[in-house]
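Let me begin by presenting the structure, written as structure tokens, before commenting on it.
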Amino acid sequence: MPVRAEHDRAVLAGLLRHDPVLHAYQLGDLDDFFWPYTSWFRRGEQVALLYHGAAQPVLLLFAAEPDRPAAAALLDELAPVLPARLYAHLSPGLEQVLAGRYVITPAGAHLRMALTDPARLAGVAASGEVLTGADLPALRALYADAYPGNWFDPRMLDTGHYLGVRAGGELVAVAGVHVWSPTYRVAAVGNVTTRPQARGRGLAQAVVAALCARLRDSVDHVTLNVRADNTTAVRLYGRLGFTTVARFGEYTLTSGAG
């Protein structure tokens, strides 16, 4: 079956819901909030997403290990129509499919984690107030200081799922979402950071715990991505009840490989 564009959200949701944790980001992108920025491609039961809402297009293709040959076949057929430069999130080994067409610059091994033991949240002193558009300047200043280069879309404040902690009137810690979909019952925590001078006080743990408790009122699956070598963050999420459910790589892809 050749690869083809897919425009039917119901069809895509049916395929992605076979593994809602692995495909949480794609399910979230089916919402009206993200849908206009997406292009979808399908080969059999495998689905690839090209997201256009970032500074450069982002390709997402995840597959459980038994399904990776089928995912590789999709990617091989899709490669000739992909942009000349893009960022990619790919299950292990899939990047090799593109080696003949792109210069592949790794951006680190990553973990997909899921909140599998939410009872642990009760043991954390949660803290955080909901941030709104009025907090955007303070939030931008926090990211510039503590998390430069992160991916943050100001529209995400409209979800009501960005929480912050202040000290002395200054925003010092934040946790938000990359996707949140009550329709598809998934959320992905993201853009978590603490000002360098305020680290070591448990603020990130407190604000993530508050966010997760809030998200569980509207979704069934709370997930997140984290660099595999960020052991501090991995331990923090483990204390809150998250476990690793998949591994993947992130890459910058630039056409021109010989």
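Counting each DSSP H run of 4 or more residues in the chain as -39500 (n - 2.57), what helix-only mean residue ellipticity at 222 nm follows after dividing by all residues, to the nearest 500 deg cm²/dmol?
Mean residue ellipticity at 222 nm (helix-derived): -6500 deg cm²/dmol.
Around Phe242, under 12 Å between beta carbons, what's the net of Lys plus Arg minus Asp minus Glu among the other residues?
Its environment carries a net charge of +3.
Before anything else, pin down the relative contact order of the stretch 142-239: Cα pairs under 8 Å, at least 6 apart, normalised by residue count, whole percent.
Taking the mean separation of contacting Cα pairs over the length of the stretch 142-239, I get 25 percent.
Rank these for me by crowding, Val124, Val97, Val186, going from fewest to most other beta carbons within 10 Å.
Val124, Val97, Val186
Comparing Val219, Val179, Val207, which has the greatest mean-square fluctuation in the GNM of the chain with Cα pairs linked when under 10 Å apart?
Result: Val219 has the largest fluctuation of those listed.
Give me the one-decimal nm value for the distance between modelled label points at Arg201 and Asp8, 7 Å along each residue's Cα-to-Cβ direction.
Taking the two extended label points, one gets 5.4 nm.
Can you quote the Å³ per residue value for the convex hull of the Cα atoms in the stretch 186-258, rounded to an integer?
141
Using a Förster radius of 25 Å, what is the FRET efficiency between Ala144 and Arg17 based on their Cβ-Cβ separation? Nearest 0.05, please.
Computed FRET efficiency for Ala144 and Arg17: 0.10.
Select from the stretch 189-258 those trypsin sites (Lys or Arg not before Pro) which occupy a DSSP coil region and have at most 10 other Cβ atoms within 10 Å, ordered by residue number.
Hits after loop and neighbour filter: nothing returned.
Suppose a student asked you for the relative contact order of the chain, using Cα pairs under 8 Å spaced at least 6 residues apart; what percent would you report?
27
Using the Karplus curve 6.51 cos²θ - 1.76 cosθ + 1.60 with θ = phi - 60°, work out ³J(HN,Hα) for each residue of the stretch 98-107 in order, rounded to whole Hz, and write x for Gly and Pro.
Rounded to whole hertz, the list is 9, 4, x, 10, 10, 7, 9, 10, x, 10.
Once the convex hull of the C-alpha atoms of the chain is built, how many Å³ does it hold per residue, rounded to a whole number?
Expressed per residue, the convex hull around the Cα atoms of the chain is 123 Å³.
If I take all pairs of Cα atoms in the stretch 122-169, what percentage of them are more than 13 Å from each other?
Looking at the stretch 122-169, the distances longer than 13 Å represent 62 percent of pairs.
When the scattering of the stretch 117-240 is computed by the Debye formula from its Cα atoms alone, each counted once and equally, what is log10 I(q)/I(0) at q = 0.14, 0.17, 0.18 Å⁻¹?
Normalising to I(0) and taking log10 leaves -0.55, -0.83, -0.94.
Every read-out reported here was derived from the displayed coordinates using simple, explicitly stated rules and does not represent laboratory data. Just so you know, these numbers come straight off a predicted model, no measurement behind them. Using ideal geometry, Cβ is built from the backbone for each residue, glycine included, and neighbour counts are taken over all protein chains shown.
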